[in-house]
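These notes concern the structure reproduced below.
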Amino acid sequence: MKPNDVMLHTVAKFSSVIILTFSIHLFMAGHHEPGGGFIGGLTTASGIVLLFLSFDIETVRKNIRLDFTKVAATGVIIAIITGMSGLLFGDNFLTQTFGYLNLPIFGKTEVATAVLFDTGVALAVIGTAVSIILSISEDFS
């Protein structure tokens, strides 16, 4: 008989939306405040793992069709390319550059290469953490 986990599924859906929203805040705040790619990626991974724990793996994989090892590899490649971009302009590895754009709704907005690096770190952390959890779960099934 299949267990009736209506409460667990409802709470997990609600909580995962809150966790994923908070992870976006942590990621975006990382340029000027505590946070950034690592903790934002780790929080995103925890929201995804919560879905894996409350629903079965097949159900979540049907809805999130990502190969998390490829997500991790893409993140590492983005972080390396962003770090190497300083070398192309005669600066040191991981040298940050930034500028300002006038966007129609937001006005004067800072654009920095640190955001690209943080994106790579976040993707690497998400891919690695979820891949580890999935490989551990496969060992116990």
>> Counting only chymotrypsin sites (Phe, Trp or Tyr not before Pro) that sit in a DSSP loop (anything but H, G, I, E, B) with at most 15 other Cβ atoms within 10 Å, what is the longest stretch of the chain containing none of them?
In response: 1-88
>> Can you give the Rg/Rh ratio of the chain, where Rg is from the C-alpha atoms and Rh is the Kirkwood radius?
In response: 1.08
> With all protein chains present, how much of the accessible area of the chain (probe radius 1.4 Å) comes from carbon and sulfur, to the nearest whole percent?
Replying inline: 70 percent
>> Below 8 Å between Cα atoms, with a sequence gap of 6+, how large is the relative contact order for the chain in percent?
In response: 28 percent
> Which whole-number value in Å² is the accessible area per residue of the stretch 65-132, probe 1.4 Å?
Replying inline: 66 Å²
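The values are calculated or read from the model by the stated rules, or taken from the named source; none is laboratory data. All of these numbers come straight from a predicted model, not from anything done at the bench. We place every Cβ from the backbone using ideal geometry, glycine too, and count neighbours over all the protein chains shown. Surface areas here come from the heavy atoms of the whole protein model, side chains and all, with no ligands, DNA or RNA. Shrake-Rupley method; radii C 1.70, N 1.55, O 1.52, S 1.80 Å.
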